[in-house]
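Notes follow once the structure below has been shown.
The values are calculated or read from the model by the stated rules, or taken from the named source; none is laboratory data. A quick note: this is a predicted structure, and the numbers were derived from the prediction, not measured. Cβ coordinates were reconstructed from backbone atoms using ideal geometry, including for glycine residues, and neighbour counts include every protein chain displayed. Side chains are part of the model used for accessible areas, which takes the heavy atoms of the whole protein and leaves out ligands, DNA and RNA. Shrake-Rupley method; radii C 1.70, N 1.55, O 1.52, S 1.80 Å.
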Amino acid sequence: AMTTLRPFTCDDLFTYNEVNTDVLTETFNLNFYLGYLATWPEYFTTATSPGGTTMGYVMGKAEGRGSNWHGHVTAVTVAPSYRRIGLAKLLMHELESISQELHDGYFVDLFVRKSNVNAIAMYEGLGYATYRIVLDYYSGEEDALDMRKALRRDPEKKSMVPLPKPVHPWELGDDFS
């Protein structure tokens, strides 16, 4: 069976509930998804089965200035029945390619719950490393790992050198201005 990657459309918002069932998955409001779709449509990809079922999706954006110009993974999610077949890796490669080829970013970054060991292991397998810990990032209750992967524009991987101490969520904005 073949998986199809295609641009996410507004109609897909009616099919993603089956995908967003995991307690580790952030579910955003409709305006949030529509805002991303309108602003960064190239970063919003859905994976469908041969029968047209939504298997998963990835959404992200390009942000930052100067050597902090990068792609950001806002969400990568796979429906429980389609996990462990490499779909999240396929979606991540799609976002990385967009960040490198269309936006010429220095790196791709993402935030992941410190307790989500399966996701962390997958990201490490894809070449991501922890750049910093963000204290109480998730609902003020759980720390996040800010993980990064250098792209072609950063051959020395300077963007991945870890920070020596954790940061708070309100300190995040300073890095990208």
Quick one: would you say TYR16 is at pLDDT 80 or above, among the aromatic types (Phe, Trp, Tyr) and open to solvent by less than 60 Å² (accessible area, probe 1.4 Å)? no
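Per-residue answers, yes or no, for (1) of a type in the set (Asp, Glu); (2) farther than 22 Å from GLU156 by Cβ; (3) open to solvent by less than 30 Å² (accessible area, probe 1.4 Å):
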{"residue": "LEU87", "(1), (2), (3)": "no, yes, yes"}
{"residue": "GLU96", "(1), (2), (3)": "yes, no, yes"}
{"residue": "TYR106", "(1), (2), (3)": "no, no, no"}
{"residue": "SER115", "(1), (2), (3)": "no, yes, no"}
{"residue": "ALA121", "(1), (2), (3)": "no, yes, no"}
{"residue": "THR130", "(1), (2), (3)": "no, no, no"}
{"residue": "TYR137", "(1), (2), (3)": "no, yes, no"}
Suppose we keep only residues that are of a type in the set (Gly, Ala, Ser) and more than 16 Å from the chain's Cα centre (by Cα) within segment 130-177. Which one would you say is modelled with the lowest pLDDT? SER177
Take segment 135-151 and flag every residue that is among the aliphatic types (A, V, I, L, M) and either under 18 Å from LYS165 (Cα atoms) or outside any strand (DSSP E or B) (or both). LEU135, ALA144, LEU145, MET147, LEU151
